[in-house]
Amino acid sequence: MGQPDSTTSTLDDFFLHCTELVFIASESGALLHSSRALTSAMSAELLDASSRAGLAPLVHQDDRRSFDEAWEGLRAAAEPMAVDVRLKTADGSFRYFQCTARWVPEKEEVYGTLRDAEERIKHEIKLKLLDAINDHLPICLWAIDERGVFVLHEGKGLAAAGFKPGQFVGLNLFELYPEEGTAMVRKALEGTMSYFVVEIDGVHWESWYLPIQNERGDVTHVVGVTLDITASKRTEQELRGKLQLIERQQQVIRALSTPILQVWDRVLTLPLVGMFDTTRAADVMEGVLREVVRTQAHYAILDLTGIEVMDTETVNHLLKLSSAIRLLGAEGIITGIHPAIAQTLVGLGVDLSSIETRSTLRQGLEHCIRRMGREAR
């Protein structure tokens with residue numbers, strides 16, 4: 001009876017107890033040996049099916065082409081191939097691994113390992129995002145340690161502040177700036193985040209000071225993110241200026257659209273033309289009452305000849321205006337009611353019996369003159 005091959009036994013022990021994800025495969029990719037750690041980590045049903053097909057069935061479909069190309073080039077490659085691929089794991093999810101493999105010609109086999117690359121790839125993505133932000137946004141990104149020494153000083157926005165990337169690295173922030181200018185940085189070192197907007201030499205900066213803590217909660221670094229918002233501030237100021245101009249123009253338009261005229265001694269008239277809505281009605285009330293007090297008017301004629309449409313709420317404004325005029329010791333008179341408005345008022349059951357009405361502005365003036373003539377006797 002022959003003795004067991006000690007080499008085979010040692011190799012089996014190695015694959016049984018090795019904590020790394022290692023394998024031996026044929027040139028075609030069929031798995032000849034794999035560590036128990038690898039078989040435990042990967043999708044069992046796919047790995048079983050892949051013993052002849054190799055690792056390929058485990059590879060995410062989007063990574064399959066790059067994996068196949070790398071494997072096909074193994075035999076001619078002078079150096080080991082290394083490719084990042086997503087493999088289906090035991091819990092059914094895909095995870096990034098770095099597959100490193102070498103063709104061993106004397107054995108006509110491929111020796112390889114799989115290493116978890118998820119965190120490394122996430123870290124590389126974060127670095128790329130950070131580089132993209134620094135390269136394309138008007139931002140200053142810096143960091144200091146607990147002593148105040150700069151460990152990072154980057155960003156496209158540094159040029160607007162007159163600095164170069166990396167200029168402050170190795171220097172102490174508290175030695176570069178006076179104490180009164182570093183209060184927020186000191187608060188960040190104590191664990192308090194700061195946010196503020198400041199203007200320096202015509203440049204507007206929006207800044208955040210962020211404390212970075214270790215697992216014990218101790219602040220080890222402070223990160224400063226400063227964004228040049230001068231362009232947006234300029235746009236905001238221009239927009240505010242335009243809005244103010246529009247408001248002034250609207251005030252002029254309202255004043256021109258509601259002219260209050262003193263047509264006789266202590267007789268005011270307000271000829272209304274065009275659209276008469278709730279907003280305009282409120283402006284009219286304010287203007288008429290102010291002029292009644294200023295001129296000590298006895299009569300205020302509201303001429304509606306130029307108004308063809310009026311809603312219920314606007315009618316209520318007119319009734320309130322008439323009552324307010326009466327409270328000031330004057331009389332409100334409505335003239336020139338359009339037939340369509342008269343129909344609407346009747347349909348709504350609006351009672352105008354308490355308000356003096358006339359067909360035309362001329363009749364309204366004649367009414368005022370007669371009343372004043374009787375009062376003068």
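The values are calculated or read from the model by the stated rules, or taken from the named source; none is laboratory data. Predicted, not measured: the structure shown is a model, and the values here were computed from it. A quick note on method: Cβ atoms are made from the backbone with ideal geometry, for glycine too, and the neighbour counts reach across all protein chains shown. For the accessible areas, the whole protein counts, side chains as well, though only heavy atoms, and no ligand, DNA or RNA atoms are used. Shrake-Rupley method; radii C 1.70, N 1.55, O 1.52, S 1.80 Å.
Numbers below:
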{"read-out": "Members of segment 335-369 found to be over 17 Å from residue 309 (Cβ atoms), of a type in the set (Val, Ile, Thr) and part of a helix (DSSP H, G or I), listed by number", "value": "369"}
{"read-out": "Residue list for segment 140-162, restricted to those being at pLDDT below 85 and hydrophobic (A, V, I, L, M, F, W, C)", "value": "158, 159, 160, 161"}
{"read-out": "Given (1) of a type outside the set (Phe, Trp, Tyr); (2) buried (at least 16 other Cβ atoms within 10 Å of the Cβ); (3) in contact (Cβ under 8 Å) with a residue 40 or more places away in the chain, number of the condition residue 314 does not satisfy", "value": "(3)"}
{"read-out": "Restricting segment 221-235 to residues that are of a type outside the set (Gly, Ala, Ser), assigned to a strand (DSSP E or B) and in contact with a strand residue (DSSP E or B) (Cβ under 6 Å, 6 or more places away or on another chain), the residue that is surrounded by the fewest Cβ atoms within 10 Å (Cβ to Cβ)", "value": "223"}
{"read-out": "Qualifying residue in segment 270-291 (condition: farther than 19 Å from residue 260 by Cα and surrounded by 20 or more Cβ atoms within 10 Å (Cβ to Cβ))", "value": "no"}
{"read-out": "Near pairs, Cβ below 8 angstrom, 6+ apart or cross-chain, from segment 13-30 (within 13 Å of residue 111 (Cα to Cα) and in a strand (DSSP E or B)) to any residue that is among the basic types (Lys, Arg) and open to solvent by 30 Å² or more (accessible area, probe 1.4 Å)", "value": "21/115"}
{"read-out": "Cβ pairs under 7 Å, 6+ apart, first in segment 355-377 and free of Cβ contacts under 8 Å to residues at least 24 places away in the same chain, second acidic (Asp, Glu)", "value": "none"}
{"read-out": "Residue 118 being more than 26 Å from the chain's Cα centre (by Cα), at pLDDT 85 or above and open to solvent by 90 Å² or more (accessible area, probe 1.4 Å)", "value": "no"}
